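Enquirer: Below is the structure I would like to discuss, written out as structure tokens.
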Amino acid sequence: MPSELGSPGWVDTHCHLDDPAYDDDRDAVVLRAERAGVHRVVVPGVSPASWDRARRCRDRHPRLIRLAFGLHPWALRGLDAAARAQALDALPQALEDGAIAVGECGLDGRIAREGGPSLAEQAVILSDQLDLARERGLPVILHAVRAHGALLSLLKARGGPVPGVLHSYSGPAELVPDFVRLGLYLSFGGQVTNPKAVKVHKAVSVTPAARLLVESDGPDQPPFPRITHRSEPADVARLAGVMAELRGGAWDDPAAALFGSALIA
């Protein structure tokens, strides 16, 4: 499956290569990715500390890695209003360092139920990041857990298209057309290999081929059967093969259509 990057290759559209889970062998992970035909890896920073780690990864592997910066709902836990505002204020400058997207950002109903910021509080932070992405002409990398309906309502209320990707989609297949009409791509990771993930399988099967992306979501979502504790970019070829089987045929990787020349540079 060529990725339209001028040479054949895969794009891992979402991997937290800055995560400490890779600290002991990050260079080996990168080498395995390259040997597996991975051409680019998008590393989304989720907090100011994560942005710094992601930059260091990019500086060490500039040919492979492309960056995105955002404030993840998880990063908001434990922060008061002033600290959240400070982090948001730092985001525009962070994006100047070669970011190809705003994110990872979004809504997470799980942490809202576990004493973290409410969905309403998360929505305010997300809206600010969506505004910034629109101002900069950048796509967004969106996160949604137990909040797909709330996210859809928020995006519809804003009006206009939302260029970007809803990563690791786990919502109902019935909502796929609505997200696609908004201009979003849907990305899937290791859960496609889980024989019990029927809802994910259905979503893969109904997502238009031109709006379907693959990701490792490393270090999370190791493929089934789980013989390792983490996922990594080298997994994406296998994941794409499973996705093609779920759809009953091959599909062309449209990652370059979303991230454009930023993936080639």
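The values are calculated or read from the model by the stated rules, or taken from the named source; none is laboratory data. Just so you know, these numbers come straight off a predicted model, no measurement behind them. All Cβ positions, glycine included, derive from the backbone under ideal geometry; neighbour counts span all protein chains shown.
Enquirer: Say we look at region 35-52 and pick out the residues that are in contact with a His (Cβ under 9 Å, 6 or more places away or on another chain) and without any contact (Cβ under 8 Å) to a residue 40 or more places away in the chain; which of these is surrounded by the most Cβ atoms within 10 Å (Cβ to Cβ)?
Expert: From region 35-52, those in contact with a His (Cβ under 9 Å, 6 or more places away or on another chain) are 41-47, 50; that's our starting set.
Going one step further and asking which of them are without any contact (Cβ under 8 Å) to a residue 40 or more places away in the chain, we end up with 43, 50.
Values: Val43: 27, Ser50: 21.
The extreme case among them is Val43.
Enquirer: Now for a separate question. Just give me the residues in region 236-265 being modelled with pLDDT of 80 or more and more than 21 Å from Ala101 (Cβ to Cβ), in sequence order.
Expert: Within region 236-265, Ala237, Arg238, Gly241, Val242, Met243, Ala244, Glu245, Leu246, Arg247, Gly248, Gly249 qualify.
Enquirer: Based on what the data block shows, is Val180 β-branched (Val, Ile, Thr) and either at pLDDT below 95 or more than 22 Å from Leu76 (Cβ to Cβ) (or both)? Steps first, please.
Expert: On the way: β-branched (Val, Ile, Thr): yes; either at pLDDT below 95 or more than 22 Å from Leu76 (Cβ to Cβ) (or both): yes.
Yes.
Enquirer: In contact with a helix residue (DSSP H, G or I) (Cβ under 7 Å, 6 or more places away or on another chain) and at pLDDT 95 or above: does that describe Pro62? Give the derivation first.
Expert: Values: in contact with a helix residue (DSSP H, G or I) (Cβ under 7 Å, 6 or more places away or on another chain): no; at pLDDT 95 or above: yes.
Judged against the criteria, Pro62 is not a match.
Enquirer: Something else about it: Has region 199-215 got any residue that is loosely packed, with under 15 Cβ neighbours inside 10 Å, in contact with a Phe, Trp or Tyr (Cβ under 7 Å, 6 or more places away or on another chain) and within 18 Å of Trp10 (Cα to Cα)?
Expert: Taking every residue of region 199-215 in turn, at least one turns out to be loosely packed, with under 15 Cβ neighbours inside 10 Å, in contact with a Phe, Trp or Tyr (Cβ under 7 Å, 6 or more places away or on another chain) and within 18 Å of Trp10 (Cα to Cα).
Enquirer: Which residue, of Pro73, Pro92, is within 21 Å of Arg158 (Cα to Cα), in contact (Cβ under 8 Å) with a residue 40 or more places away in the chain and surrounded by fewer than 16 Cβ atoms within 10 Å (Cβ to Cβ)? Working first, answer last.
Expert: On the way: Pro73 fails: surrounded by fewer than 16 Cβ atoms within 10 Å (Cβ to Cβ).
Checking each option against the conditions leaves just Pro92.
Enquirer: Next question, about the same structure. Hydrophobic (A, V, I, L, M, F, W, C) and surrounded by fewer than 20 Cβ atoms within 10 Å (Cβ to Cβ), is that true of Leu31? Full working, then the answer.
Expert: Working: hydrophobic (A, V, I, L, M, F, W, C): yes; surrounded by fewer than 20 Cβ atoms within 10 Å (Cβ to Cβ): yes.
Judged against the criteria, Leu31 is a match.
Enquirer: Exactly one of (1) more than 19 Å from the chain's Cα centre (by Cα); (2) surrounded by fewer than 20 Cβ atoms within 10 Å (Cβ to Cβ) is unmet by Gly98. Its number?
Expert: (1)
Enquirer: A follow-up question, please. Can you name the number of the only condition in (1) closer than 21 Å to Leu142 by Cβ; (2) surrounded by 14 or more Cβ atoms within 10 Å (Cβ to Cβ); (3) not polar (S, T, N, Q) that His61 fails?
Expert: Going through (1) closer than 21 Å to Leu142 by Cβ; (2) surrounded by 14 or more Cβ atoms within 10 Å (Cβ to Cβ); (3) not polar (S, T, N, Q) one by one, His61 breaks only (1).
Enquirer: Can you find a residue that is part of a helix (DSSP H, G or I), under 18 Å from Tyr169 (Cα atoms) and in contact (Cβ under 8 Å) with a residue 12 or more places away in the chain anywhere in region 210-225? Steps first, answer last, please.
Expert: First pass over region 210-225, keeping only residues part of a helix (DSSP H, G or I): 210-211.
Checking the rest, the ones that are also under 18 Å from Tyr169 (Cα atoms) come to 210-211.
Still in the list and also in contact (Cβ under 8 Å) with a residue 12 or more places away in the chain: 210-211.
For region 210-225, residues part of a helix (DSSP H, G or I), under 18 Å from Tyr169 (Cα atoms) and in contact (Cβ under 8 Å) with a residue 12 or more places away in the chain: present.
Enquirer: Of everything in region 1-33, what is modelled with pLDDT under 95 and either in contact with a Pro (Cβ under 9 Å, 6 or more places away or on another chain) or not aliphatic (A, V, I, L, M) (or both)? Give them in sequence order.
Expert: Within region 1-33, Met1, Pro2, Ser3, Glu4, Gly6, Ser7, Pro8, Gly9, Trp10 meet the criteria.
Enquirer: Consider Asp220 carefully, then state whether it is on the phi < 0 side of the Ramachandran plot and surrounded by fewer than 21 Cβ atoms within 10 Å (Cβ to Cβ). First the steps, then the outcome.
Expert: Numbers: on the phi < 0 side of the Ramachandran plot: yes; surrounded by fewer than 21 Cβ atoms within 10 Å (Cβ to Cβ): yes.
Against the criterion (on the phi < 0 side of the Ramachandran plot and surrounded by fewer than 21 Cβ atoms within 10 Å (Cβ to Cβ)), Asp220 qualifies.
Enquirer: Ok, one more. Only one of Arg230, Arg238 is over 14 Å from Arg40 (Cα atoms) and not in a loop (DSSP other than H, G, I, E, B). Can you tell me which?
Expert: Working: Arg230 fails: not in a loop (DSSP other than H, G, I, E, B).
It is Arg238.
Enquirer: Any idea which of Glu135, Glu121 is surrounded by fewer than 15 Cβ atoms within 10 Å (Cβ to Cβ) and either over 30 Å from Asp25 (Cβ atoms) or touching a residue at least 60 places away in the same chain (Cβ under 8 Å) (or both)? Give the derivation first.
Expert: On the way: Glu121 fails: surrounded by fewer than 15 Cβ atoms within 10 Å (Cβ to Cβ).
Only one candidate qualifies: Glu135.
Enquirer: Looking at (1) assigned to a helix (DSSP H, G or I); (2) surrounded by fewer than 23 Cβ atoms within 10 Å (Cβ to Cβ), can you tell me which one Ser170 breaks?
Expert: Every listed condition holds for Ser170 apart from (1).
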